[in-house]
Amino acid sequence: MKREPPKAPLRLVPVLAGGGTRLPAHVGVLTALHRMNIEVPRLVGVSGGSIVASLHAAGWSPERLHRLALEIEFSRFKGFSLYQLFFHGGLTSGDTFEHWLDDLLEGVRFKDLPLDLAVVATDVRRSEPVIFDREHTPDYKVARAVRHSMGIPLLFAFQAHGDKLLVDGSILSEDALHRDWAGDNTPVCLFRLRGESASADDEVARKRPWFPLPGYIQMLIRTFMTTISREFVNARHWPRTVVVDVGRHSPVNFKLTPQDKEDLFQRGLGTTLDVLPIKFPELAAALAAQALIDAGAAMVDSLAGVAPATRAAEARSATAAGGIAFNE
């Protein structure tokens, strides 16, 4: 007998914040939410997290995102132009990245996304957040907004948007990200990546090169981004914050190996599966109850001769975060 799909144990708005090239960790976070059958009415992306959030909001399944995270070569987006640095505030324009993401998103605009998405950038002129979403910028290209949000200072050029000058959204304080994103008091959880100091040989040569400026800038950017990730969490936001320890993986390491990417994915996946039920007791209770139901159903299936594979297929078909159809 076919069972009814399990009710979502929790309704949650995830905020995927920061990360740089460590975005596989955010793919692990989304995979964990999907496995726990958490309903996601809206998704928020900041900096590197906005890449993962935008693709998921466009219908990419966690499995497809995982494959992309392992295959992507971040080095294709790296550049070094003194002209760009002196006149636009970053070593590269970021155009290559934006075109790549726009192709993956098929030019989608916020109003056309199947899952509601908000992308957050920082206006350095006013030191305040700029939000791109279906309500405020329905006709704006999602890839363009993501490019604004991941404008790591010195690495990517600043971008003008009207009278605003936009850079990386992760520069914002926590207060700007802990808000009622869904407009109906749906709980919000901020997923942050916390890194340790990078190893001495991480992308920067041990010996002094004949032209040391690129290495100096690289170290400065890395130190800046690592410092942001290690910022203390305000006590009042701690109950709704999950910190993923990404070890010594640098946010600006453009040479991550497949093993590095898989490690980041597993860190995001494992931390979310372990910590989120602690942050939300109702989720822990629902998961425990569902486990008992599944165990009882497995016993009934065994007595009735129903193949486990059939039951697993039914469970997979019943699971869809936010009620959207994912593209495998």
Exercise for review: Pull up segment 99-129, narrow it to residues that are at pLDDT 95 or above and small (Gly, Ala, Ser), then point me to the one that is least open to solvent (accessible area, probe 1.4 Å).
Suggested key: 118
Exercise for review: Could you check residue 274 against (1) part of a helix (DSSP H, G or I); (2) buried (at least 17 other Cβ atoms within 10 Å of the Cβ) and say which number it fails?
Suggested key: (2)
Review point. Which residue out of 40, 13, 27 is closer than 16 Å to residue 194 by Cα and at pLDDT 95 or above?
Key: 27
Study note, to complete from the structure: Only one of (1) out of contact with any helix residue (DSSP H, G or I) (no Cβ under 6 Å at 6 or more places or on another chain); (2) at pLDDT below 75; (3) within 19 Å of residue 129 (Cα to Cα) does not apply to residue 190, and that is (2)
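Which of the residues belonging to segment 296-322 are open to solvent by 60 Å² or more (accessible area, probe 1.4 Å) and either more than 18 Å from residue 63 (Cβ to Cβ) or at pLDDT 55 or above (or both)?
Applying the first criterion (open to solvent by 60 Å² or more (accessible area, probe 1.4 Å)) to segment 296-322 yields 299-300, 302-305, 308-310, 316-317.
Across segment 296-322, the qualifying residues are 299, 300, 302, 303, 304, 305, 308, 310.
Kindly establish whether residue 49 is among the small types (Gly, Ala, Ser), modelled with pLDDT of 85 or more, more than 20 Å from residue 160 (Cα to Cα) and under 15 Å from the mean Cα position of the chain (by Cα).
yes
The values are calculated or read from the model by the stated rules, or taken from the named source; none is laboratory data. Fair warning: this is a prediction, and the values are worked out from it, not measured in the lab. Don't worry about glycine lacking a Cβ; one is built from the backbone with ideal geometry, like all the others, and counts go over all protein chains shown. Surface areas here come from the heavy atoms of the whole protein model, side chains and all, with no ligands, DNA or RNA. Shrake-Rupley method; radii C 1.70, N 1.55, O 1.52, S 1.80 Å.
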